Amino acid sequence: MLIDILHEQLKHLEPDISVIKAFWKNAQFDDRIAALELKGQDITVWQDPKQAHILKELQALKNKREIYQTITTNYQEMIDLVDLFKDDESELEKLIDEIRQLARSIRSLKIQLLLHDEQDTSNCFISVNAGAGGTESQDWAEMLLRMYCRFCEQHGLDFTIVDYQPAEAAGIKGATLFVKGKNPYGLLKSEHGIHRLVRISPYDANKRRHTSFAGVHVIPENPKVEITIDPEDLRIDTYRSGGAGGQHVNKTESAIRITHLPTNIVVQCQNERSQGQNKDIAMKMLKAKLAQKQEEEALAKTASFEKKKIEWGSQIRSYVLHPYKMVKDHRTEFESQQPDLVLDGDLMGFIESYLLENV
């Protein structure tokens, strides 16, 4: 029956409404609006050179509040209307398009609220590196790389594998994706950290359970700080490309490896046909990594920050395939009992819970 279909569609929207309400409460937008309105009543504010910025922020928050109130009210009204016309098929048919429009508005507001930081719209680099453990960890790193590729495909993000280092037996030693599109850094920044896998090893003849680790680094293409690099601080090496690539792979030394000598940070790119293109991408990666290092050093001065090793005690998320099945994020406590879906790119639950925790 049509009423059952409409009830199911509205029920499907309930988690997004819950996310929106939770974020609005955690962000304390109403308190911020009240504070800005109070500041606007102070006659001295007109002497403040930042006055225009204050009024701009206040208006933006009021507009956002109006959208928030309209959508949450419309959602509840739509539930009431479906119940009201439960015995009137013709009236229910009129609600179909309205529910579709409401669904689009809810999704749009949810993304707008969750991805509010300046850098969220930036393209990004996401690097996956195998931890200690040989073939086990190298295979795990390749599984994670596939997971991020599938996520990008599902959410309309363009990605390019700019570096790919295959392992000897199976999997990868490391790989780097360059991701472009709508809010790539905002969506993927929650993946930064150590990921742990527990499973029965396909490489163990005795079918024993193994624990593997891989490190994921996500850095925005356009960092907040301006980075100036002295060419004298760079060592640039060329080599033949390996791994996935076009017909030119292994024919010319087009791949680039750049070492920043003062920090010993190494970046490399082998995806493009020309050495010049690979160098441009590698320099972007280097600037992004140097900017990230600056931010970490600044954080270390104000908090007990330490660089995490790819091993026990530092993981952000566990993927358990045996003796039970569960994926758990240790920062937010968000869980999924469907690791197969997660490893196939179903990450939005983890992303949303992280963004809610870090308002």
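The values are calculated or read from the model by the stated rules, or taken from the named source; none is laboratory data. Bear in mind that the values here come from a model prediction, so they are computed numbers and not experimental data. With ideal geometry, Cβ positions are generated from the backbone for all residues, glycine too; neighbour counts draw on all protein chains shown.
When you go through (1) touching a strand residue (DSSP E or B) at 6+ places or on another chain (Cβ under 7 Å); (2) without any contact (Cβ under 8 Å) to a residue 12 or more places away in the chain; (3) of a type outside the set (Lys, Arg) one by one for Gln119, which number turns out not to apply?
Here Gln119 meets the rest and fails (2).
Are there any pairs with C-beta distances below 8 angstrom linking a residue in the range 1-26 that is more than 19 Å from Glu77 (Cα to Cα) and in contact (Cβ under 8 Å) with a residue 40 or more places away in the chain to a residue that is of a type in the set (Ser, Thr, Tyr) and part of a helix (DSSP H, G or I), with the two at least 6 apart or on different chains, and if so which?
Sorted first by the residue in the range 1-26, then by its partner, the pairs are Trp24/Tyr68.
Given the condition of a type in the set (Asp, Glu) and either under 30 Å from Asp280 (Cβ atoms) or under 25 Å from the mean Cα position of the chain (by Cα) (or both), answer yes or no: does some residue in the range 81-99 qualify?
Taking every residue of the range 81-99 in turn, none turns out to be of a type in the set (Asp, Glu) and either under 30 Å from Asp280 (Cβ atoms) or under 25 Å from the mean Cα position of the chain (by Cα) (or both).
Ile20 - would you say it is touching a Ser or Thr at 6+ places or on another chain (Cβ under 8 Å) and either assigned to a helix (DSSP H, G or I) or not hydroxyl-bearing (Ser, Thr, Tyr) (or both)?
yes
All but one of (1) over 19 Å from Ile17 (Cα atoms); (2) at pLDDT 90 or above; (3) surrounded by 15 or more Cβ atoms within 10 Å (Cβ to Cβ) hold for Leu58, so report the exception by its number.
Failing condition for Leu58: (2).
Go over the candidates Asn63, Asn123 one by one and state the one that is farther than 23 Å from Gly349 by Cβ and in the same structural domain as Thr160 (by TED's automatic domain parsing).
Asn123 is the lone residue from the list that is farther than 23 Å from Gly349 by Cβ and in the same structural domain as Thr160 (by TED's automatic domain parsing).
Inside the range 314-335, can you point out the residues that are of a type in the set (A, V, I, L, M) and either surrounded by 16 or more Cβ atoms within 10 Å (Cβ to Cβ) or under 19 Å from Val216 (Cα atoms) (or both)?
Hits for the range 314-335 are Ile316, Val320, Leu321, Val327.
Please identify the pairs in which a residue from the range 332-359 that is within 19 Å of Lys25 (Cα to Cα) and at pLDDT below 95 has its Cβ atom under 7 Å from the Cβ atom of a residue that is assigned to a loop (DSSP other than H, G, I, E, B) and aliphatic (A, V, I, L, M), counting only partners at least 6 apart or on another chain.
Within 7 Å, no pair qualifies.
From (1) at pLDDT 90 or above; (2) within 27 Å of the chain's Cα centre (by Cα), pick out the condition that doesn't hold for Thr70.
So the condition that Thr70 fails would be (2).
Could you check, for the range 321-329, whether at least one of its residues is at pLDDT below 75 and closer than 24 Å to Ser137 by Cα?
Checked the range 321-329: no residue is at pLDDT below 75 and closer than 24 Å to Ser137 by Cα.
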